[in-house]
Structure formats: C-alpha cells, structure tokens
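These notes are about the structure you will find just below.
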C-alpha cells in the first residue's frame, strides 16, 4: 500500500484534499500533517512515502527541513508545492518533484504517477480478452484508445487495432500506470510517447502511416502537454 502525506505547517489540508482520488486501482493511505514534529514521527514508521510539502514561500528553516528530510529519509520522495521562484531551490535540494502554486489536481496526480513509476510501477502492459483469447499489449505499443459509442478502438503501432465492447472509462486505470498515457478528451486516451508530430489537426505516430484527426483545441492542448507547459 502506498503512503501519501500532505504536509502544511499550521494548517490541515484534509478538508480540501480528502475527497481527491489519487488512484482507482492502487491501494493507498492518505495522511494529513500540520506540524513538522508530527511529520518526523510518521516518517520514522514508514519505509517509503510520497510527501507533498506545501509552502508558498520557503524560508531558511524550510530549506533546513527539506535538506534534513533528504538526508535522514532517503526513501521518502518529496514534492515541493510552492511558488515558481522556489523551483531552483527544489532542484538544488535534489527533491523528487516541484509543483507550482496554485497546485491543481492534475499536478498532484502527475506527481503520484511519477512516484508509482519510481517504485517500479505496475505491469507495463495492457491485458485484454479478445475473441476468447488473452492478448498482452505492451504500453510502448499503444498509440491511442478511442471511444466509439459503447466500443473502444485500441490503436497500436503498425496501424493495427483491437475493437472491444467496452467503454473507454474501463481503460482509464492505465493512465495511472504510465506518465505518458493520458486521457486528453472524454473520447480519447493517448500515449504521448508515441507521438511523432502534430500539425494541421492531425497527430502522426511512430511506426504508423495513418494519422489521428483532432480538433484545433485538442491540438493546442497536446502541444502544451508535449512541451511541458
């Protein structure tokens, strides 16, 4: 079971974040801490954890605490949630991840996905039952999954596809297992890693001849995701 700790000195974020789902597949426990002394006590009892350290402006005391966390708890992955001006400090302190204020739900989820990957992740393949046969599809072979009514079309490299009588939401758990796989639209899950180019409303994939047609708005969104902006 994963341990996720939400820490903000002097303030519990339980009311704001307790309903947020980090995963619908992996088991985890969520702890809310508002005093550093309590945080140290918790960390002494866990082997590994993801720690979200919330502080809009970090001061010298925060730097000392963050440095101490890295030295005393090397298996604790710290995601600093702070102003952009502190991104360099996070890098110098060799923290696991940096989240820019204001922290959005997608940011929290991305950091958790990084943590899962760092811990070894889950199975690196999609296991399907197709025409009575068990089919294993490596994530690296996935280009995109597209909804078509009550069907989902799984598009693979080499222009191959698998059509299943399942709705797209059935497969959303794979977005928790790979940082590159994202649900970018209610009808589309896409593997960013396999995108070769995007232009004129078309997405071209490596080892595929047939492009995916998308809207102007989605084209802009995908370009921003690929650029990390």
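Laboratory data are not the source of any read-out in this text; all were calculated from the coordinates shown. Since we're looking at a predicted model, the values are computed, not measured. Backbone-built Cβ (ideal geometry, glycine too); neighbour counts: all protein chains shown.
Residue order for 173, 2, fewest other beta carbons within 10 angstrom first, comes to 173, 2. The ranking of 16, 77, 8 from fewest to most other beta carbons within 10 Å of each one's beta carbon is 16, 8, 77. Provide the percentage of antiparallel DSSP beta bridges, counting only those with both residues in region 125-227; round to the nearest 5. Among the beta bridges of region 125-227, antiparallel pairing accounts for roughly 100 percent. Across the chain, Cα pairs under 8 Å and at least six residues apart give a relative contact order of 12 percent. Going from the fewest other Cβ atoms within 10 Å to the most, the residues 190, 58 appear in the order 58, 190. Taking Cα atoms, how many degrees apart are the long axis of helix 105-118 and the longest axis of the chain, rounded to 10 and kept between 0 and 90? Around 90 degrees separate the two axes.
Can you tell me what share of the DSSP beta bridges in region 2-118 is antiparallel? A percent to the nearest 5 is fine. List each step's numbers first, then the result.
On the way: 0 of 20 bridges.
DSSP beta bridges in region 2-118 are roughly 0 percent antiparallel.
By the helix-only formula, in which each DSSP H run with n ≥ 4 contributes -39500 (n - 2.57) and the sum is divided by residues, the chain has a 222 nm mean residue ellipticity of -7000 deg cm²/dmol. Label region 2-118 by shape, choosing from rounded, prolate and oblate, from the square roots a ≥ b ≥ c of the eigenvalues of the Cα gyration tensor; if a/c is under 1.5 it is rounded, and otherwise prolate applies when a/b is larger than b/c, oblate when it is not. Taking the square roots of the gyration eigenvalues as a ≥ b ≥ c, region 2-118 is rounded.
Relative contact order, whole percent, for region 25-130 stands at 22, derived from Cα pairs under 8 Å and 6 or more residues apart.
Tell me, what is the percent relative contact order of region 125-227, built from C-alpha pairs under 8 Å that lie six or more residues apart?
19
DSSP beta bridges confined to the chain are antiparallel in about 60 percent of cases.
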